[in-house]
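Undergrad: Can you keep this structure in mind? I'll have questions shortly.
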Amino acid sequence: MIVSVSATAASAAETVLRRLSLVGRTRAGLSEALAEIGVPEKERRMRVGQLWNWIYHYGVREFDAMTTISKGLRGQLAERFSLDLPTVTAEQVSTDGTRKWLMRMPSTGPHDRGAEIECVYIPEVDRGTLCVSSQVGCTLTCTFCHTGTQRLVRNLKTEEIVAQLMVARDRLGDFPNRQPPEGAFVPNDGGRFVSNIVFMGMGEPLYNFDGVRDAIGVITDDQGLSLGRRRITVSTSGVVPQIGPLGEEMGTMLAISLHAVRDELRNELVPLNKKYPIKDLLEACRNYPGLSNAKRITFEYVMLKGVNDSDAEARELVRLLKGIPAKINLIPFNPWPGTKYECSDWDRIERFSEIVFRAGYASPVRTPRGRDILAACGQLKSETEKLSARARLMLDEAQAAAPAVAAE
Ligand code: SAH
Ligand code: SF4
């Protein structure tokens, strides 16, 4: 069910012309903005600190609300920049509380009408997890993943990654002293709203290393959004040379999309395996900086009927992971139109899980969340056309007046 559609042809067209948003920028990015409007260098550091606090701690949407900054400077900033968030073109709430936002990113220049991506929020008893995207589409072509079939691919910019969290906090009413936007669904059960972030939306985060690293820098900054690095998980299909640098430069939790225990099958499911086979991947995992029992690696394993779900494969999985502090996450396959795979039967998943569990691994089966709104793994964006036909129609009208997003 689509519960709110806020895009109009006019607002999307306006996106093309509007001032660049400061939301999502790093400290260096804010400093550049100040330099552009002539703020003297010796003053910039202090001004960046002020902007940072207003943008990331208070989530303000107007320069005029920045009362510690002089009226004159506020005016100069407002003339050149905005504090816009991506436009939420559709917000859907699942019966299980999962929320999915379809967002159009602010334009980054006259020839960009802004990338369109989805972001999913999954509330649980003790946490709220936001599943963010790192790219529009994905250049990798894992055969069971619908994102890999998308034609348009580009890296999301740092600001576009951070903006996903900003939108979530805005829509959940999670900024101090700020009223949530009209029509937003604010949870009324108290507690933290977004406590964890997983890079498990669209894209391969390690192919957008710098963008993801800088976004994590903004998100974890303790003067602002202040999320702990251990509450952030980066999931990769196995870009081996970047796994060490991920640990060193980002210090987040690591998840590996393993999905097969033999190279022959993994070559088919995750074609990147041909470049970085299982042995090399597991070696990189063993060397992951900071790895310990308190900081385990999550191995994701999608359950594909008759493909990778036998008892022998469960035993081999356990053998392969020996010596690596690990969690194993069994993901029921989420089918999409045209896929050749099916999800394993429930008793098969249970049996597989039991073998893994008996070997001493926690092996939670990831409960499919948000199935009614197609927000489950691998379904992000893929069915958007069908689900938000009305939003599409409106955007199509706007697109007639704006150039299309080009693949980068
Ligand atoms: N590109 C990264 C992160 C995004 S994919 C990666 O591959 O790890 C996030 C997770 O969803 C991955 O484990 C991926 O294998 C899984 N996934 C993709 N399509 C799926 C589907 N149709 N059903 C279940 N899980 C899927
Ligand atoms: Fe890309 Fe991950 Fe999908 Fe593979 S599973 S195509 S790496 S998003």
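The values are calculated or read from the model by the stated rules, or taken from the named source; none is laboratory data. All values derive from a computational prediction rather than experimental measurement. All Cβ positions, even for glycine, are placed from backbone atoms using ideal geometry, and neighbour counts span all protein chains on display. Only protein heavy atoms, including side chains, enter the accessible area calculation; ligands, DNA and RNA are left aside. Shrake-Rupley method; radii C 1.70, N 1.55, O 1.52, S 1.80 Å.
Undergrad: Given a 1.4 Å probe and every protein chain left where it sits, what share in percent of the accessible area of segment 40-121 is carbon and sulfur?
TA: About 51 percent, which is the carbon plus sulfur part of the accessible surface.
Undergrad: What is the percent carbon and sulfur in the accessible area of segment 184-334, measuring with a 1.4 Å probe over the protein chains and ignoring ligands?
TA: C and S fraction of accessible area: 45 percent.
Undergrad: Lys and Arg at +1, Asp and Glu at -1: add these up for the other residues within a Cβ distance under 9 Å of His259 and post the number.
TA: 0
Undergrad: Per residue, how large is the accessible surface of segment 62-164? Use a 1.4 angstrom probe and give square angstrom.
TA: Per residue, segment 62-164 has 36 Å² of solvent-accessible surface.
Undergrad: Moving on. Compute the length gained on full extension between Ser70 and Lys305: take 0.36 nm times their separation in residues and subtract their Cα-Cα distance, giving the result in nm to one decimal.
TA: Gain on stretching Ser70 to Lys305: 78.3 nm.
Undergrad: Report Tyr207's accessible area, 1.4 Å probe, all protein chains in place, as a number in Å² to the nearest 10.
TA: 80
Undergrad: Where a ≥ b ≥ c are the square roots of the eigenvalues of the C-alpha gyration tensor, would you call segment 19-83 rounded, which needs a/c under 1.5, or, failing that, prolate if a/b is larger than b/c, or oblate?
TA: rounded
Undergrad: Going highest first, how would you order 244-253, 208-217 by mean Cβ packing within 10 Å?
TA: The densest-packed peptide leads the list: 208-217, 244-253.
Undergrad: Label Gln179 and Glu268 with points 7 Å out from Cα along Cα→Cβ: what is the distance between them in nm?
TA: 5.8
Undergrad: Would you kindly find the accessible area of Lys322, with a 1.4 Å probe and non-protein molecules such as ligands, DNA and RNA excluded, rounding to the nearest 10 Å²?
TA: For Lys322, the solvent-accessible surface is approximately 150 Å².
Undergrad: Under 27 Å Cα to Cα from Lys100, which lysines show up? Leave out anything in the same chain fewer than 8 places away.
TA: Here the lysines satisfying the reach criterion relative to Lys100 are Lys157, Lys327, Lys340, Lys381, Lys386.
Undergrad: Also, quick follow-up: Starting from the amide H of Leu20, placed 1.01 Å from N in the peptide plane, find each other amide H under 5 Å away whose residue is 5 or more places distant or on another chain.
TA: The answer is Ser82.
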